[in-house]
Each structure stands twice: as structure tokens, then as C-alpha cells.
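The values are calculated or read from the model by the stated rules, or taken from the named source; none is laboratory data. The structure presented is a predicted model; accordingly, all values stated were derived computationally and were not measured. Using ideal geometry, Cβ is built from the backbone for each residue, glycine included, and neighbour counts are taken over all protein chains shown. These accessible areas exclude ligands, DNA and RNA; they are computed on the full protein's heavy atoms, side chains included. Shrake-Rupley method; radii C 1.70, N 1.55, O 1.52, S 1.80 Å.
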Amino acid sequence: MSLSTPALRSSPTEPLNPAIAALEAGGAYLFPEALDPVAAQRLLQSIRDDRDFDHRLFLSEAEFDANPLYTGVSPRPGRNLLDRFSDQVGFVEDSPAIREAVGAVLGEDFVILNRKIVCGVPQSSVPEWLRKRILGNPVNNLGPYVRPEYRDVTYFYGIDFHQDLIDYPDRPADFLTLYIYLHKVTEVDAPLFLLEGTHRFGGTIFPHQLVRREGGLWTYGDGRDQEMTARQIILTGDAGFAAMWHACTLHGTQPDAADHERISLRYLLARGSRRAGIDLVNAQLKGPLSLEATRRDLANDGSSAIRSNTVNTA
Ligand SMILES: O=C(O)CCC(=O)C(=O)O
């Protein structure tokens, strides 16, 4: 396969690669064509064949309380279900559209920092004791409550607006998130909500200063002296839908309101060794490229110290 050369602008009159232009203007690029839906469906079937995405995923309340553990519960090397299906991810990793766009933004020697399966768990699968305990929390990553053998997938019951920089204190925003739906995702399947253009303030601390306005608009403050109005975009799409966003773009999900799980792939892709589109995008930011501390919602043991959630009011 021949890969196109990253279309960095050599003079101000030369058009930008569309992925770079979209990231620069709005902080996200939605791929115009879905990835191979048949391959997406095949991978989805392999994942579903592996386990039941229902209440059996979870510890009992007594089991959880015997040893509450809030950290070290996410997929990691050696415990990552997607790695078991690495022969089925070619429709993403070898897709010419993905390689061209990501190559333009991050350089052709871009690095996969992380790849995993993400599940939006439907309300009917979350045990009642757990729903009561997590109600109103901003980050409902259910890893702490999931049986250890199933912690090779990330399970969400919604997550408030955040930047993916949140997991990388001290690292510059030199990476993107690539997110792929493996089946049709409608408004009730916990679609991603993105706040357009919010990458422009660079890194800001979670939870973010957001006020909901009429008509899908939000006022976003950077906690320094800037404010912007940002439009909410809801990413619904068919199997194979793909989008990527900047590490400072605010996004989140509401709890899955459907009666079945939402299963997606999430990649973190980092800049390669040479100057690339991300450097043009980052040169336009009006805020820091990295933060020493990215969040102030956690207690010392990693549990949530606050109860507030803005994306659920969207
Ligand atoms: O899949 C979800 O529900 C949330 C995913 C997300 O926001 C993330 O992984 O950063």
C-alpha cells in the first residue's frame, strides 16, 4: 500500500489536509466514509461470543466492599481483550483512510499508545446497588466493580465532559483519540458528545467550567481569563463510523439508555518523530499544551470525591 505524504502547508496559500484543517478549526475530524462494516461486525461478534455483557460482569456488593480497589482496574498490556483479536483489527489499522489522515496529523511514524475495547453498559446490566452508589458521579468507569477476569475491557456508565489529556499529567497534547463504532449507534446508545473547538484553550483541569445554554450550546471557561461558546456535536453513526479528536477536545457520554451494550474501539495515537500536522494545530492553541495536575475530582484512594455531572444535563 502506498501512503500519501503528510500534507503540511508549505506556504499559506496551499490547502491543508482535511483532517488537519478539521482538527485545527473544530478539534475533531469525522471520517467521511465508514470503515468496513462487515469487518466491524465480525469483530463485534467475536467480542460478544467471549462474554455476556450483563450483570454477570460485576462483583457483588459484599465482594467489592471486602477489598475496594479503584486503581489498576483498566485494560493493560497482558490484559487487553482487543489484543486477543489483533488479527481482526486490520480494517482499522490498515485502512488507507485512517493511515492517510493519521499520518498527516501525527506523521507516518505515529505510535499506537493504547488500543482497547470500550463498552457503554446499559442500565439493565448495572446491578441496582451499584447504580445507587455511583449516581451523579462525574466519571463512571465501572472497572473497580467488574470481576477481575473481565477487566480487559473498559466499561462506562457515562463519563462527564473531559479531555483525554486527563490521563497524562505532564505529557504534551501530542496525541489523538481515534474512536470507532462496531455497530449502529443512535442517541440512546451512549453516543459521544463532543464540544466543538474546545481544544483551543489547551489543557484545563477536570471537572471543567461548563454552563449549558439553549440550542445545544455551552459556555466554556478555561479557569484563567477566557470564555467561549461551543457547539455540542452528538456522534451518532453506523457500524464502522470513525472519528478522531485532539487530546484537549472536551467530550463525554451519558449512561447507555438502550437495552443493549454499546461496544466501540478506542485508540490513542501519538505524534511520530518528525514535524506533522499536530504541530500546526497546537501552534494555534490559546492555553497550555500540558498540565502538571489534570483533575481535582478524586480522593486519595482514587474514588470520586465529588458528585456532579454536566453531560447528563445535555
Ligand atoms: O465510551 C464512552 O462511553 C466514553 C469514552 C471516552 O470518553 C473516552 O474513552 O475518553
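Measure out, as a whole number of angstrom, how far apart the alpha-carbon centroids of the range 56-75 and the range 93-154 sit. For the range 56-75 versus the range 93-154, the Cα centre distance is 17 Å.
In this structure the amide hydrogen of Phe206, modeled in the peptide plane, comes within under 5 Å of the amide hydrogens of Arg295, Arg296, none closer than 5 places in sequence on its chain. A straight chain from Arg274 to Gln41 at 0.36 nm per residue would run longer than the Cα-Cα distance by 80.3 nm. Please name which of Gln284, Leu217, Ser95 has its Cα lying farthest along the dipole of the chain towards the positive end, using unit charges on Cβ (Lys, Arg +1; Asp, Glu -1) and the Cα centre as origin. The listed residue farthest towards the positive side: Gln284.
Annotation: amide H-H contacts under 5 Å for Gly158 (H modelled 1.01 Å from N, sequence separation of 5 or more, or interchain): Val121, Asp256.
What the range 18-302 shows is 42 Å² of accessible area per residue, with the surface traced by a 1.4 Å probe over protein heavy atoms. Charge dipole (Cα centre; +1 on Lys/Arg Cβ, -1 on Asp/Glu Cβ; no other charges) of the range 56-184 amounts to roughly 520 debye.
Just the number, please: carbon plus sulfur as a percent of the accessible area of the range 127-280, 1.4 Å probe, no ligands or DNA/RNA counted. The value for the range 127-280 is 47 percent carbon and sulfur by accessible area. Once the Cβ-Cβ distance of Ala97 and Ile306 is raised to the sixth power relative to R0 = 25 Å, the FRET efficiency obtained is 0.05. Separation of the range 184-198 and the range 239-314, taken as the distance between their Cα centroids, equals 12 angstrom.
The value of relative contact order for the chain, using C-alpha pairs under 8 Å at least six residues apart, is 29 percent.
A dipole drawn for the range 187-314 from +1 and -1 charges on Cβ atoms has a positive end, and of Pro207, Ser308, Leu192 the residue lying farthest that way is Pro207.
If the segment from Arg51 to Ile112 were pulled out straight at 0.36 nm per residue, it would be longer than the present Cα-Cα gap by 19.3 nm. Residue by residue, the range 299-311 carries 3J(HN,Hα) couplings of 7, 4, 7, x, 7, 6, 9, 10, 10, 7, 7, 8, 5 Hz when phi is fed to the Karplus relation 6.51 cos²θ - 1.76 cosθ + 1.60 (θ = phi - 60°); x denotes Gly or Pro. For the chain, the dipole from Cβ point charges (+1 on Lys and Arg, -1 on Asp and Glu) about the Cα centre works out to 420 debye, to the nearest 20. Label positions at Gln209 and Arg296, each projected 7 Å from the Cα along the C-beta direction, are separated by 1.1 nm.
Within the assembled protein chains, the solvent-accessible surface assigned to Tyr168 is about 50 Å², based on a 1.4 Å probe.
Short-range pairs are left out: with C-alpha atoms under 8 Å and at least six residues apart, the relative contact order of the range 1-150 is 40 percent.
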